[in-house]
Amino acid sequence: MTRRIVKLRINGDDHEVAVKSWDTLLEVLREEIGLTGTKNSCGLGNCGACTVIIDGQAVLACLTLTVEAEGKEILTIEGISDGNSLHPIQKAFIEHGAIQCGHCTPGMVMATMALLDKTPKPTEEEIRKGLSGNFCRCTGYVKVIDAVSSLSSEVSKMPDSTDKH
Amino acid sequence: MRLPKFEYLKPKNISDACSLLKDHKGSARVFAGGTDFLVSLKQRISTPPYVIGLNSIEGLDYIVDNNNNGTRLLRIGALTTLTAVSSSDLIKKKFPILADSSCNVASEQIRNMGTIGGNICLDTRCWYYNQTKLWRDIRPPCFKTGGSVCYAVKSGKECHAANSSDTVPALIALGAKVKIVNANGDKMVTLEEFYTGKGEPVNILNDDEVIEEIVIPESPESSKESFIKLTIREGLEFPIVNSAVLLTMDDSGKKCMDASVLVGGVLSYPFRAKKTEETLKGNKINENLIEEASKIATEGMGPIAHILHAPGYKRQMVQVCVKRALRKTIRTC
């Protein structure tokens, strides 16, 4: 099987990986690069647990071919804070009890970040619509919506991926 | 769930993509966003040895207003994402049912990846077909998977998988045409003619053809349009039934001069409710007329497949959706 070298820019860092054409970005993030924050859940685009942000847009890593992610700015859950303190979205999720098992949480946080980037102070309906691609089997969503509603409009700025942490 | 092995090909432009398709004679498939295509690969519905990634082609995602000899046309590149289509100010203002329908497809993430060309070429769906190979192997294959039985229509003689696109009924109601490109040239067909009427093959594209562009004529100033989608949950759902309506009104804005009523999610192709259209034409749109016109919306529909919902329920819901869509048009006046 032939692998080819692909350059990926993840959370501001450059990575070079040897991948097969049929490797998804989710598989490479988790298995080759070791960034296991992005979760593997349905693999079919139905749950949103694998949500990452590519070039400023929330997308599903399980349906992205790694070879097609070359040359783009990829942001995963590991890259949203500076490594020393939590991002306001993460803090809000914790403070509002929006996390139980935590499996949907990285996807929810990334989808929230993308939502707030588009709509800095969303209404409840806009939050529900913006997060409708993310499933949670534990919480019943109420506290997730409360957490997102509590965020002020300043948190919508995505981290500048050229900043090194 | 892992993808099967394939070789990934990256075309430089659309004619390169068509040449690659032609050279590989049916063993290559194209994809853009991949939100449906890659799922079908994971489920081993399709295992093409060659996969052609169209997203690398530049210049095919655009939304342009053109003046073509006095007629205004909207031209949308096939690789324009559904997010771009649904958030375009031009489309929201002049073609609201296109913005409305594309903004209701799946989820934010899928709309960011999926393209309008992909939604037009969306494979038909069925409870048996859209499963993994392990699951499907418990029964003999159906018509769509190379067998000779249909699991959605009892004693069905052909595939009855349902056309499940949201943008297609709206595009047909708007009079859209698509530009089909192959290695030898291109041609324009109306979107209504693009579908074969069967569950398999879904559309008229040959093995070496790709859609390049969608062209929509400007609707008259007086027109009223609406889109309704019925789903189990409020998000991330294919339609149980959807309906797109475009009414061309007279100068008073009360009498309907022409009507386009399309219903999707039920048959293998987007169904034009001709009897409903005939009832509306030349009449004042009011609650009584809407009631009368929506009751006959299913006339002319062939057998409705049992795909996740009973045919009787779907038949009733077609009438309900058409009624809601018609009511919504008069509420926008």
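Values quoted throughout were computed directly from the atomic coordinates according to the rules given, and no laboratory measurement underlies them. Just so we're clear, the structure is a prediction, and the values are computed from it rather than from any experiment. All Cβ positions, even for glycine, are placed from backbone atoms using ideal geometry, and neighbour counts span all protein chains on display.
Below, the figures for the structure above:
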| read-out | value |
| --- | --- |
| Residues in segment A:52-94 that a label on residue A:13 would reach, taking backbone N under 15 Å of a point 7 Å out along Cα→Cβ | A:74-84 |
| Efficiency of FRET from Cβ geometry, residue B:75 and residue B:295, R₀ 45 Å, rounded to 0.05 | 0.75 |
| Options B:119, B:143, B:97, ranked by Cα towards positive dipole end of segment B:85-201, top entry (Cβ charges) | B:143 |
| Computed P(r) (all Cα pairs; segment B:239-302; 5 Å bins; percent) | 4, 19, 28, 23, 14, 8, 3, 0 |
| As computed over segment B:96-201, the Cα convex hull volume per residue (Å³) | 146 |
| Difference of contour (0.36 nm per residue) and Cα-Cα distance, residue A:94 to residue A:121 | 7.8 nm |
| Cβ neighbours within 10 Å from other chains - mean over B:100-107 | 3 |
| For chain B, Kirkwood radius (reciprocal of mean inverse C-alpha pair distance, Å) | 20.5 |
| Other-chain or far-sequence residues with amide H under 5 Å of residue B:80's (modelled H) | B:62, B:116, B:117 |
| Radius of gyration, Dmax [segment A:37-107; alpha carbons; angstrom] | 13.0, 39 |
| For chain A, size of Cβ-based charge dipole, Lys and Arg +1, Asp and Glu -1, in debye | 380 |
| Kirkwood-type radius of segment B:1-88, with distances r between different C-alpha atoms, in Å | 14.7 |
| Calculated from backbone phi, Karplus (6.51, -1.76, 1.60) coupling profile of segment B:109-123 in Hz, x at Gly/Pro | 4, 5, 5, 5, 9, x, 10, 5, x, x, 5, 5, 8, 3, 5 |
| Cα-based reach from residue B:157 at 27 Å (exclusive), listing lysines while leaving out same-chain residues under 8 positions away | B:133, B:144, B:198, B:274, B:275, B:314 |
| Where labels lie 7 Å past Cα in the beta-carbon direction, separation of residue B:278 and residue B:65 in nm | 3.8 |
| Of the GluC sites (Glu not before Pro) in segment B:269-317, those whose Cβ has at most 15 other Cβ within 10 Å and which sit in DSSP loop | B:299 |
| Greater than 20 Å apart at Cα, pairs in B:224/B:328; B:224/B:281; A:7/B:10; B:177/B:255; B:229/B:323; B:229/B:328 | B:177/B:255 |
| Dimensionless Rg over Rh [segment B:1-157; C-alpha; Kirkwood] | 1.03 |
| Solvent-free Debye scattering, log10 I(q)/I(0), computed from the Cα coordinates of segment B:187-293 at q = 0.13, 0.17, 0.21 Å⁻¹ | -0.63, -0.98, -1.21 |
| Proximal aspartates and glutamates to residue A:39, defined as alpha-carbon separation beneath 16 angstrom and excluding residues fewer than eight positions away on the same chain | A:23, A:27, A:31, A:78 |
| Average beta-carbon neighbours from other chains, 10 Å sphere, peptide A:41-53 | 4 |
| Size of charge dipole - segment B:96-189 - debye, nearest 20, with Cβ of Lys, Arg +1 and Asp, Glu -1, no other charges | 340 |
| Theoretical FRET efficiency, 1/(1+(r/R0)^6), r = Cβ-Cβ of residue B:286 and residue B:221, R0 25 Å, to 0.05 | 0.70 |
| Relative contact order (percent, whole number), chain B, Cα cutoff 8 Å, 6+ residue spacing | 15 |
| Equivalent ellipsoid semi-axes, segment A:32-165, via Cα gyration tensor eigenvalues times 5, rooted, Å | 21, 18, 14 |
| Partner chain coverage, peptide A:111-121 - average Cβ within 10 angstrom | 1 |
| Cα-based convex hull, the protein assembly as shown, per residue volume (Å³, whole number) | 158 |
| Nearby aspartates and glutamates by direct alpha-carbon distance to residue B:254 (threshold 14 angstrom, same-chain neighbours under 8 apart not counted) | B:221, B:225, B:287 |
| Estimated translational D of segment B:167-239 in µm²/s (Stokes, Kirkwood radius over Cα pairs; 25 °C; 0.890 mPa s) | 170 |
| Efficiency of FRET from Cβ geometry, residue B:254 and residue B:206, R₀ 56 Å, rounded to 0.05 | 0.75 |
| Residue B:12-residue B:90 pseudo-label distance in nm [points 7 Å out on the Cα-to-Cβ vector] | 2.9 |
| Taking chain A and dividing mean pair separation by its residue count, relative contact order in percent (alpha carbons under 8 Å, at least six apart) | 25 |
| Helix B:311-331 axis, angle to chain B major axis (alpha carbon atoms, nearest 10°) | 50 |
| Calculated P(r) tail over 18 Å for segment B:284-333, as whole % of Cα pairs | 36 |
